[in-house]
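Shown next, in structure tokens, is the structure this report addresses.
Throughout, read-outs are computed from the coordinates displayed, never taken from laboratory work. Since this is a predicted model, take the numbers as computed values, not measurements. Neighbour counts run over all protein chains shown; Cβ positions are idealised from the backbone, glycine included.
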């Protein structure tokens with residue numbers, strides 16, 4: 001299980017500058033979560049939160065949760081205006 005909410009929401013048009021997307025989610029307690037490859041602390045109840053930036057030419061945020069050998073991945077894409 002991996003539920004994720006972002007602010008601003010996925011698909012939003014962002015202005016090119018230092019961009020920070022607030023990310024909140026929930027997964028199974030004990031899961032290991034990464035956001036764009038960086039480890040994110042998961043609380044005992046399975047909730048997690050962090051700030052991150054969209055990366056690459058496609059402006060993606062990739063969230064991955066691993067638990068007991070299974071893996072769930074979700075991707076959020078943003079539009080960046082120059």
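Could you put 45, 58 in order, starting from the residue whose Cβ has the fewest other Cβ atoms within 10 Å?
The most exposed by this proxy come first: 45, 58.
Would you mind classifying the chain by shape? Square roots of the alpha carbon gyration tensor eigenvalues, ordered a ≥ b ≥ c; an a/c under 1.5 is rounded, otherwise it is prolate if a/b is larger than b/c and oblate if not.
Prolate, since a/c reaches 1.5 and a/b exceeds b/c.
Relative contact order of the chain: what whole-number percent is it, with Cα pairs under 8 angstrom and at least 6 residues apart?
Relative CO of the chain lands at 34 percent.
Connecting C-alpha atoms closer than 10 Å in a GNM of the chain, tell me which of 47, 36, 68 has the biggest fluctuation.
Comparing 47, 36, 68 in the GNM, the peak value goes to 68.
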